[in-house]
Amino acid sequence: MPTGGTITALCTPAGASVRAMIRVSGPDVRDCVSKLFGIALGDRGVFQARCEFGGGDRDLPVQVVWYPGPKSYTGEDTVEIMLPGNRTLVGRVIDCLLGCDGVELAGPGEFSARAYLNHRLTLQQAEGIALRIAAEHDDELEAAGALLDGSYGDQCNEWATEITTLLALVEAGVDFSDQEDVIPIAPCDLHARLGILLDAVVAQIGTASGDRVHSDLPKVVFVGKPNAGKSSLFNALLGVQRATVSDQAGTTRDVIIEQMDLAKHVPGAGSVELVDLAGVGEAAIDSIDASAQTRALEVIEEAGVILWCDPAGVFDAESIALPTATPIVRVRTKSDLPLSTGLRTKTNNALAVCALDGTALGSLQRAIADAVSRRTGSGVGVFVPRHRRALIDSKDGIDAAIGHVDSTKRVIEEPELVAIGLRDALDALGELIGEVSPDDVLGRVFATFCVGK
Ligand SMILES: Nc1nc2c(ncn2[C@@H]2O[C@H](COP(=O)(O)OP(=O)(O)O)[C@@H](O)[C@H]2O)c(=O)[nH]1
Ligand SMILES: [Mg+2]
């Protein structure tokens, strides 16, 4: 990472705008500003100036905001030059700046990199800035905020502290294994604390872990009364007659799962599993229907996204108990049929679709893609690949550690193996928050565990 010289770049988007901002940062800022604008920079402040181009026959009023180091974004002497957002003018001012001794064009992210190197930003805050700039959705902005205000870093630190503590206790058990009466931590306590940790990390990653899910694809589940048109819509989305459609209530009795690639219709979206179910919310017509309904309710609990199908457009929450945390897309099925008079003006925020002629199936696919991203976008780690990898590695380590703890035993039988898993988990988190030294671990042994006892 190059440091030392003075760098400059346009910080606002290229193109026409009311205002553009050019930033200059580094040791030559004072000289450069005094040469170009005739300003002697003293205390932090805002200066009105003129920038002369070429022979002095034309000049441009600019505003110069001066941030002496180290209390600037980069930690170095910095000015921000405000000028009309015109490509040619911006180009001329930057040319003038580059004409000053020691000034070069900044590389991508170089201002933030300097801020990081000068301890003005943590790595996570720098990532937060990048994420905020690139954010297209509210949840990305929220995640960027959590990186920037440090709350995400605090969270990772808490996990690392807990792992460090547990590691210390487990290693204390190894070191004092010849002393029968010394049990730093009981297997059931360790198991419980690791379980809490694992759940928290898994929630942050945004998908369930290990054997708890068979497929990583989000399950998009069709929910509604018999004859709501669920199976027809399921077939229409897949483009094949997969599920049996009939006007007889209770036709669908099995759980039918098919994969659908949303990317074909929604750029950037992934694949999902469509799950067609028996209708629920009405009295069972026979014992097979009763067990199909019970199974359906179980699947609904596990849904990633619920498509709530109702041809009447009523969406009576009393009729079906739906999980509160799952994103729901309200689908008014059979949109070719008129609504009953009283409901005609009431849309209930539902998406009106018709399985027979394909009306609004594209909108439905986009709605599904949005709901899926809401579902998986629960954690910051989801948006920053480096974090996601580190969190998954950390999760794997905790998983491995738990695998070696038998909570029914009095002592931990394979503390070395537990410790290896915890070390892996800690190393991975360490990548996010900065190194955790072995001294740290040692310190905690003596802080939390009384050897003399
Ligand atoms: N007019 C109309 N009828 C539909 C539509 N979708 C389904 N149906 C009919 O509604 C009845 C029940 O459909 P089905 O998909 O089996 O409903 P399910 O019980 O919810 O799976 C069948 O007779 C379908 O032909 C639609 O969009 N428009
Ligand atoms: Mg059906």
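The values are calculated or read from the model by the stated rules, or taken from the named source; none is laboratory data. Bear in mind the structure is a predicted one, so any value in this text is a computation, not a measurement. For neighbour counting, all protein chains shown are included, and Cβ atoms are generated from backbone atoms with ideal geometry for every residue, glycine included.
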Requested in this report: Keeping to region 225-244, report how many residues are on the phi > 0 side of the Ramachandran plot and either in contact (Cβ under 8 Å) with a residue 24 or more places away in the chain or within 11 Å of ligand 2 (Cβ to nearest atom) (or both).
Outcome: 2
Requested in this report: Please specify each residue of region 245-288 satisfying the condition of being over 29 Å from the mean Cα position of the chain (by Cα) and more than 15 Å from ligand 2 (Cβ to nearest atom).
Outcome: ALA283, ASP286, SER287
Report summary line: Here the qualifying pairs (Cβ atoms under 9 Å; residues six or more apart or on different chains; first in region 6-17 and without any contact (Cβ under 8 Å) to a residue 60 or more places away in the chain; second in a strand (DSSP E or B) and among the aliphatic types (A, V, I, L, M)) come out as PRO13/ALA20
Requested in this report: Kindly indicate the residue of region 262-281 that is modelled with pLDDT of 90 or more and in a loop (DSSP other than H, G, I, E, B) and also surrounded by the fewest Cβ atoms within 10 Å (Cβ to Cβ) among those meeting that condition.
Outcome: VAL280
**Report entry** LEU98, sole failed condition from (1) buried (at least 16 other Cβ atoms within 10 Å of the Cβ); (2) touching a residue at least 24 places away in the same chain (Cβ under 8 Å); (3) of a type in the set (A, V, I, L, M, F, W, C)
**Finding:** (1)
Query raised in the report: In region 282-298, what count of residues is obtained for those that are surrounded by 19 or more Cβ atoms within 10 Å (Cβ to Cβ) and either without any contact (Cβ under 8 Å) to a residue 24 or more places away in the chain or closer than 29 Å to THR359 by Cα (or both)?
Result: 2
**Report entry** Among the candidates GLY69, GLY85, residue that is modelled with pLDDT of 90 or more, among the small types (Gly, Ala, Ser) and surrounded by 15 or more Cβ atoms within 10 Å (Cβ to Cβ)
**Finding:** GLY85
